């Protein structure tokens with residue numbers, strides 16, 4: 001079974017621009033979560049989607065948004081990029097979210113650099 | 001802030017067992033203990049999880065104390081490919097959909 005696929009793998013953007021990252025979950029998985037990883041803050045939860053609905057959200061500004069499509073694929077968008085948005089963005093999928101027998105399976109991330 | 005406490009680093013000889021401790025004294029009754037690891041430049045990889053019974057799979061064993069305030073991940077025969085940051089996390093259900101609170105983890109280095 002194919003794993004979680006994230007595209008693109010690397011991205012370079014300029015301050016003020018916006019960016020869209022894509023995530024294809026494992027087949028059959030309906031929950032998709034997004035995380036930001038930086039050297040200073042570590043792994044931080046952004047939001048989670050299930051059946052096209054956002055069920056949970058972390059403490060990030062409104063510039064960070066996401067959506068999920070009917071085939072469970074997900075995108076996240078960051079508008080008005082800041083230098084501090086430079087990070088590894090990770091997507092994780094699971095059958096139903098954080099539940100006893102529904103662990104998260106992560107992709108290898110998109111490395112975003114903002115200049 | 002992370003709800004678990006782990007040693008920042010550990011060394012292990014190749015072929016030997018690696019025992020990774022984790023304290024989670026604030027764990028509540030319905031929360032599970034999860035272990036993940038992250039190899040450099042990759043996303044975190046799920047290893048194992050449990051509630052109160054010891055668990056074993058093809059990757060590792062998880063030993064949870066009777067009071068559930070601590071656990072140990074055991075890699076039975078460490079290989080160089082097990083060099084990674086290991087994260088211990090406890091989370092419940094429903095209100096924590098998709099959310100795992102990662103701490104700093106334990107950097108494990110397996111040496112030849």
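Please give the Cα centre distance for segment A:53-115 versus segment B:20-82, rounded to the nearest Å.
24
Give the average, rounded to an integer, of partner chain Cβ atoms located within 10 angstrom of each Cβ in B:5-16.
Working: counts 0, 0, 0, 0, 0, 0, 0, 0, 0, 0, 0, 0.
Mean partner shielding for this stretch: 0.
Would you mind calculating the relative contact order of chain B from Cα pairs under 8 angstrom and at least 6 residues apart, reporting the percent as a whole number?
Working: 269 pairs, mean separation 42.2, N = 112.
Value for chain B: 38 percent.
Mind checking A:54-65 for the average number of partner chain beta-carbons within 10 Å of each residue's beta-carbon?
On the way: counts 2, 6, 6, 3, 3, 0, 0, 0, 0, 0, 0, 0.
Averaged over the peptide's residues, the number is 2.
Taking neighbour counts of Cβ atoms within 10 Å as a proxy for exposure, in what order, fewest first, do B:68, B:81 appear? Write down the numbers at each step before the final one.
On the way: B:68 18, B:81 9.
So the residues, fewest neighbours to most, are B:81, B:68.
Taking the beta-carbon count within 10 Å as an exposure proxy, list B:69, B:3 from fewest neighbours to most.
On the way: B:69 13, B:3 16.
Ordered by Cβ neighbours within 10 Å, fewest first: B:69, B:3.
By count of other Cβ within 10 Å, fewest leading, how are A:86, B:71 ordered? Could the numbers behind the result be given before it?
Details: A:86 15, B:71 24.
By the 10 Å Cβ count, ascending: A:86, B:71.
Laboratory data are not the source of any read-out in this text; all were calculated from the coordinates shown. Please read all numbers here as calculations on a predicted model, not as lab measurements. For neighbour counting, all protein chains shown are included, and Cβ atoms are generated from backbone atoms with ideal geometry for every residue, glycine included.
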